[in-house]
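Visitor: Below: one structure in C-alpha cells.
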Ligand SMILES: C[S@@+](CC[C@H](N)C(=O)[O-])C[C@H]1O[C@@H](n2cnc3c(N)ncnc32)[C@H](O)[C@@H]1O
C-alpha cells in the first residue's frame, strides 16, 4: 500500500465518525506512525509502506473508529502553544481554556507591577483540578517568577501532571498535591484558577462517545446545575486566598449568569466580571475579592 492510498482509504473510513475532520485526523495518525512532517507526508504519495507500518496504522484507525479521541491515541495534545502528554487517566485540555490562562497571565503581570513596595515573595497561584497540568504548566512557563500549587482529587491525573511537569522542566515551580479542591493547599495564595467539572447531570447522557466512553467521569460531572464543584470551592476559599486576591473560574455555556449570585452568597463584596471565548460564549468568571475579605 502506498502512502497516498493509506491516506485516502483511511480518511474515507473515518468520515463516518469524524465527519469533516476525517482527513485531518488521518493525516495526524499517519504522521504519528511514520514520524514525518506534513510536507514529507504530501510530497511522497507513491512511497510504499512496510507491512508493519500498514498494520500499526490500521490499529490506530480501528481505535478511532471505536470513538477513542485522537489525543489519547497519539498520547499528546497541544495547549497554549505547548505539547502535553495525555491519556485516559486525565481530561484532554480544550482550546477554550486558553482564555483562562491568558487572563491569569495578564492578572499576574499587573499584580507584580502594582506591588508597592515590590513583594519579596513570589506570586502564589493555585490551579484546582489540574488534570494533565496544562493550565499550571502553561502559567509556569509564561511566568517564571510565580509558584503554583496544582491540586487534583484523582491520583491518576496527578501522575499525568507529574509527567508533564518533568517534560517541561517545571517540577520545582509547580507543586502537585492530591486532594479535594483547596484542602491540600499549605498556605494562602494570590490567585486561584480552576476549570472544574461543569457538565450538568441531565447533560451527561448526551455527551459524544469520545467523551463519555473515554474521559474520566470525575473530570466531567458537575452535579444538578453543573456548579457543585465551584460551590464547594467558593465555600473553601476563605482563608485560602489573600485579601484582594482573585479567582478565575471556567464555566459551561449558560452557567455564568447563575455563578454571579452564587459568588455573592459567599463573598458579598466581591466583583464578578465575565469574559467570552471565541464563540462568544461567556466562559470565564473573574472574581475579585475586596482588600478586607
Ligand atoms: C474539566 S477537568 C479539567 C482539567 C484541567 N484543569 C484542564 O483544564 O484541562 C476537571 C478536573 O478536576 C478534577 N476534580 C474533580 N473533582 C475534584 C475535587 N473535588 N478536587 C480536586 N480536583 C477535582 C478532575 O479529576 C479533573 O482533572
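Visitor: Test residue 156 against the criterion of being at pLDDT below 95 and in a helix (DSSP H, G or I), and give yes or no.
Guide: no
Visitor: Taking the range 37-60, which residues are loosely packed, with under 11 Cβ neighbours inside 10 Å and closer than 17 Å to residue 11 by Cβ?
Guide: Across the range 37-60, the qualifying residue is only 38.
Visitor: Ok, one more. Look at the range 162-188 and say how many of its residues are under 14 Å from residue 136 (Cα atoms), in contact (Cβ under 8 Å) with a residue 12 or more places away in the chain and away from the ligand (no atom under 12 Å from the Cβ).
Guide: 9
Visitor: One residue is enough: does the range 102-117 have a residue meeting the conditions assigned to a strand (DSSP E or B) and away from the ligand (no atom under 12 Å from the Cβ)?
Guide: Scanning the range 102-117, I find no residue that is assigned to a strand (DSSP E or B) and away from the ligand (no atom under 12 Å from the Cβ), so the answer is no.
Visitor: Across the range 176-188, what is the total count of residues that are under 16 Å from residue 159 (Cβ atoms) and touching a helix residue (DSSP H, G or I) at 6+ places or on another chain (Cβ under 9 Å)?
Guide: 3
Visitor: Among the residues in the range 250-262, are any farther than 30 Å from residue 74 by Cα, buried (at least 21 other Cβ atoms within 10 Å of the Cβ) and assigned by TED's automatic domain parsing to the domain that holds residue 99?
Guide: Looking for residues that are farther than 30 Å from residue 74 by Cα, buried (at least 21 other Cβ atoms within 10 Å of the Cβ) and assigned by TED's automatic domain parsing to the domain that holds residue 99, one finds at least one in the range 250-262, hence yes.
Visitor: Another one. Name every residue in the range 57-101 that is in a loop (DSSP other than H, G, I, E, B), touching a helix residue (DSSP H, G or I) at 6+ places or on another chain (Cβ under 7 Å) and more than 11 Å from the ligand (Cβ to nearest atom), in order of residue number.
Guide: 67, 69, 87, 88
Visitor: Would you mind stating whether residue 83 is closer than 19 Å to residue 168 by Cα and touching a strand residue (DSSP E or B) at 6+ places or on another chain (Cβ under 7 Å)?
Guide: yes
Visitor: Also, quick follow-up: Condition test on residue 150, is it near the ligand (Cβ under 6 Å from one of its atoms) and under 15 Å from the mean Cα position of the chain (by Cα)?
Guide: No.
Visitor: How many of the residues making up the range 219-256 are within 11 Å of the ligand (Cβ to nearest atom), touching a helix residue (DSSP H, G or I) at 6+ places or on another chain (Cβ under 8 Å) and touching a residue at least 60 places away in the same chain (Cβ under 8 Å)?
Guide: Residues in the range 219-256 being within 11 Å of the ligand (Cβ to nearest atom), touching a helix residue (DSSP H, G or I) at 6+ places or on another chain (Cβ under 8 Å) and touching a residue at least 60 places away in the same chain (Cβ under 8 Å): 3 in total.
Visitor: While we're here: What number of residues within the range 263-279 satisfy the criterion of being at pLDDT below 90 and either surrounded by fewer than 18 Cβ atoms within 10 Å (Cβ to Cβ) or not assigned by TED's automatic domain parsing to the domain that holds residue 129 (or both)?
Guide: Summing the residues that are at pLDDT below 90 and either surrounded by fewer than 18 Cβ atoms within 10 Å (Cβ to Cβ) or not assigned by TED's automatic domain parsing to the domain that holds residue 129 (or both) in the range 263-279 gives 2.
The values are calculated or read from the model by the stated rules, or taken from the named source; none is laboratory data. These numbers were taken from a predicted model, which means no experiment stands behind them. A quick note on method: Cβ atoms are made from the backbone with ideal geometry, for glycine too, and the neighbour counts reach across all protein chains shown.
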